[in-house]
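Read the structure below first, then the notes.
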Amino acid sequence: MLDLLLPQRCLVCGRGGAQLCPGCRDGLSRIEPPLCERCGAPTAWPVRRCRECAGRRLAFATARAAVAYDDDVRRLVRDWKEHGLRGLAEDAAALVAERVLRPDAALLTFVAADVDRALWRGHHPAERLARALAARWGLACEPLLARRPGARQRGRTLRERRRNVAHAFHATGAAPTRVILVDDVYTTGATAAAAASALRAAGARRVDVVTFARALRA
Ligand SMILES: [Zn+2]
Ligand SMILES: [Zn+2]
């Protein structure tokens, strides 16, 4: 509904028209291989683990993303979250399908939103992206996760985030053997790891994480 109240303009360059104009869409910086096989960080050559993920317990098998979480994408994702821009989920899903090989699984699920925030916004980008991606990949999409209250991440340090988020999720039912876990942004990997851990505890043997954007180390 909020879409209708906003003027149609590109969220990156401000020109009238689509919410993400073709020029800006082409200009988003794609994540290019070689990548860390595990966490999907761009590396100088293909590695099984990288500096970013070595020594960390990560409950997911792989993480992959379409674009770098730079200033343009940050603005895009912020507006997507704040205004519930429906068209962006389709754009994001198209970019993911273009860049990320579909993991071998029958089902997609998504990182659960804070209950109050999701209700307030009436919109959850991770779910919208998961549903759009499921349609493209011909797979089912179901909610499998819930967030425990009081696990906000904003404004915390990296160490606090990791500790705080580790038990932030629980599964709402049994998880299938292989699951694709979708979120809008991969930042430290702590959220993805915690959500994957909850899915593993509910019976999943393998969880592959797919996000629209990924934060890159400088
Ligand atoms: Zn533009
Ligand atoms: Zn890595």
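The values are calculated or read from the model by the stated rules, or taken from the named source; none is laboratory data. Everything numeric in this text was worked out from a predicted model, so none of it was measured. All Cβ positions, glycine included, derive from the backbone under ideal geometry; neighbour counts span all protein chains shown. Only protein heavy atoms, including side chains, enter the accessible area calculation; ligands, DNA and RNA are left aside. Shrake-Rupley method; radii C 1.70, N 1.55, O 1.52, S 1.80 Å.
Which of the residues that make up the range 18-48 are within 16 Å of ligand 2 (Cβ to nearest atom) and more than 18 Å from the chain's Cα centre (by Cα)?
Taking the range 18-48 and keeping what is within 16 Å of ligand 2 (Cβ to nearest atom), we get 31-48.
Hits for the range 18-48 are PRO33, PRO34, THR43, ALA44, TRP45, PRO46, VAL47, ARG48.
Evaluation of HIS167 against the conditions (1) open to solvent by 20 Å² or more (accessible area, probe 1.4 Å); (2) in contact with a Gly (Cβ under 8 Å, 6 or more places away or on another chain) shows that the sole unmet condition is (2). Scanning the range 25-47 for residues that are closer than 16 Å to VAL209 by Cα and part of a loop (DSSP other than H, G, I, E, B) yields a count of 6.
Could you please let me know if ALA213 is at pLDDT 95 or above and surrounded by fewer than 18 Cβ atoms within 10 Å (Cβ to Cβ)? Steps first, please.
Numbers: at pLDDT 95 or above: yes; surrounded by fewer than 18 Cβ atoms within 10 Å (Cβ to Cβ): no.
Criteria not met by ALA213.
Quick test for you: out of ARG51, ARG15, pick the one residue that is away from ligand 2 (no atom under 16 Å from the Cβ), open to solvent by 50 Å² or more (accessible area, probe 1.4 Å) and either out of contact with any strand residue (DSSP E or B) (no Cβ under 7 Å at 6 or more places or on another chain) or modelled with pLDDT under 95 (or both).
Values: ARG51 fails: away from ligand 2 (no atom under 16 Å from the Cβ).
Being away from ligand 2 (no atom under 16 Å from the Cβ), open to solvent by 50 Å² or more (accessible area, probe 1.4 Å) and either out of contact with any strand residue (DSSP E or B) (no Cβ under 7 Å at 6 or more places or on another chain) or modelled with pLDDT under 95 (or both) holds for just one of ARG51, ARG15, which is ARG15.
Scanning the range 24-46 for residues that are without any contact (Cβ under 8 Å) to a residue 12 or more places away in the chain and either farther than 15 Å from ALA92 by Cβ or basic (Lys, Arg) (or both) turns up GLU32, THR43, ALA44, TRP45.
Evaluate the following for ARG57: is it surrounded by fewer than 17 Cβ atoms within 10 Å (Cβ to Cβ) and either under 27 Å from ALA202 (Cβ atoms) or not polar (S, T, N, Q) (or both)? Break it down into steps so the answer makes sense when it comes.
On the way: surrounded by fewer than 17 Cβ atoms within 10 Å (Cβ to Cβ): yes; either under 27 Å from ALA202 (Cβ atoms) or not polar (S, T, N, Q) (or both): yes.
Taking the combined requirement at face value, the residue satisfies it.
Please work out if LEU20 is open to solvent by less than 20 Å² (accessible area, probe 1.4 Å) and under 23 Å from ALA132 (Cβ atoms). Taking the combined requirement at face value, the residue satisfies it.
Residues being at pLDDT 90 or above and either more than 25 Å from ALA175 (Cβ to Cβ) or open to solvent by 70 Å² or more (accessible area, probe 1.4 Å) (or both) are represented in the range 109-129 by at least one member.
Go over the candidates ASP104, ASP91, ASP72 one by one and state the one that is more than 16 Å from ligand 1 (Cβ to nearest atom) and touching a residue at least 40 places away in the same chain (Cβ under 8 Å). Spell out how you get there, then give the answer.
Details: ASP91 fails: more than 16 Å from ligand 1 (Cβ to nearest atom); ASP72 fails: more than 16 Å from ligand 1 (Cβ to nearest atom).
Step by step, each of ASP104, ASP91, ASP72 is checked, and only ASP104 is more than 16 Å from ligand 1 (Cβ to nearest atom) and touching a residue at least 40 places away in the same chain (Cβ under 8 Å).
Note on the range 71-89: residues that are more than 14 Å from the chain's Cα centre (by Cα) and open to solvent by 50 Å² or more (accessible area, probe 1.4 Å) total 6.
For a quick check of your reading: which strands (runs of 3 or more DSSP E) sit entirely within the range 131-218 and have at least 3 residues that are within 21 Å of CYS36 (Cβ to Cβ)? Break it down into steps so the answer makes sense when it comes.
Working: elements: 145-147, 169-171, 178-186, 206-214.
Answer list for the range 131-218: 178-186, 206-214.
Are any of the residues in the range 66-85 at pLDDT below 90 and part of a loop (DSSP other than H, G, I, E, B)? Yes, the range 66-85 contains a residue that is at pLDDT below 90 and part of a loop (DSSP other than H, G, I, E, B).
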